[in-house]
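In what follows, a single structure is set out as structure tokens and then discussed.
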Amino acid sequence: MATGIGVNNVTIDGQNIHIEWNDGHKSEWTATSLRISCGCAQCVEEWSRRQLLDPASVPLDLKAEDYLMVGRYAVQFLWSDGHFTGIFPFDVLRDLCNCDVCKAEREDE
Ligand SMILES: [Zn+2]
Ligand SMILES: [Zn+2]
């Protein structure tokens, strides 16, 4: 896992969310896919890591209304379904990156 990873820029573009990392890497997700990955206590049972959120309940046209940097380690999104308790640490976000480079790295492991 990368240490000292940071986010230079978060851009909300309609239903898409773009992140530019401090190492020059770029990630892109739909709001829906990130919302489904939310790890907060309402979405994931803490002790079992069981997903409480029904992915089918997340609207496909979900958007991020806004975001907030949490210290130097995480991003918090305000979703258009009213959910805002999910905090995405940078390393979690980076693990969720779907780009070809990250996919290939994961397959190597
Ligand atoms: Zn959540
Ligand atoms: Zn990537």
Top-ranked residue in region 79-94 [being more than 10 Å from residue 39 (Cα to Cα), out of contact with any Lys or Arg (no Cβ under 9 Å at 6 or more places or on another chain) and in contact (Cβ under 8 Å) with a residue 40 or more places away in the chain; ranked as surrounded by the most Cβ atoms within 10 Å (Cβ to Cβ)]:
93
Kindly establish whether residue 84 is away from ligand 2 (no atom under 16 Å from the Cβ) and either polar (S, T, N, Q) or in a loop (DSSP other than H, G, I, E, B) (or both).
yes
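Listed here are the residues, each with its yes/no results for (1) modelled with pLDDT of 95 or more; (2) not charged (D, E, K, R).
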| position | (1), (2) |
| --- | --- |
| 1 | no, yes |
| 34 | yes, yes |
| 46 | no, no |
| 55 | yes, yes |
| 80 | yes, yes |
| 90 | yes, yes |
Can you confirm whether region 52-75 contains a residue that is in contact (Cβ under 8 Å) with a residue 24 or more places away in the chain, away from ligand 1 (no atom under 13 Å from the Cβ) and β-branched (Val, Ile, Thr)?
yes
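Does region 12-25 contain any residue that is more than 16 Å from ligand 1 (Cβ to nearest atom) and in contact with a His (Cβ under 6 Å, 6 or more places away or on another chain)? Step through it out loud before you land on a result.
Within region 12-25, the first condition is being more than 16 Å from ligand 1 (Cβ to nearest atom), and the residues that meet it are 12-16, 18-25.
Okay, now just the ones that are also in contact with a His (Cβ under 6 Å, 6 or more places away or on another chain), so none.
No, the conditions are met nowhere in region 12-25.
Which of the residues belonging to region 57-75 are more than 15 Å from residue 30 (Cα to Cα) and more than 16 Å from ligand 2 (Cβ to nearest atom)?
In the first step, residues of region 57-75 are kept if they are more than 15 Å from residue 30 (Cα to Cα); the result is 57, 68-75.
The answer is 57, 68, 69, 70, 71, 72, 73, 74.
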Filter region 34-51 down to the residues that are exposed (fewer than 15 other Cβ atoms within 10 Å of the Cβ) and touching a residue at least 24 places away in the same chain (Cβ under 8 Å) and list them by number.
41, 42
Test set (1) surrounded by fewer than 15 Cβ atoms within 10 Å (Cβ to Cβ); (2) at pLDDT 95 or above - residue 76 fails condition number:
(1)
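The values are calculated or read from the model by the stated rules, or taken from the named source; none is laboratory data. Computed from a prediction, not measured in an experiment: that's the story for all the values here. Cβ: placed from backbone, ideal geometry, glycine included. Neighbour counts: every protein chain shown.
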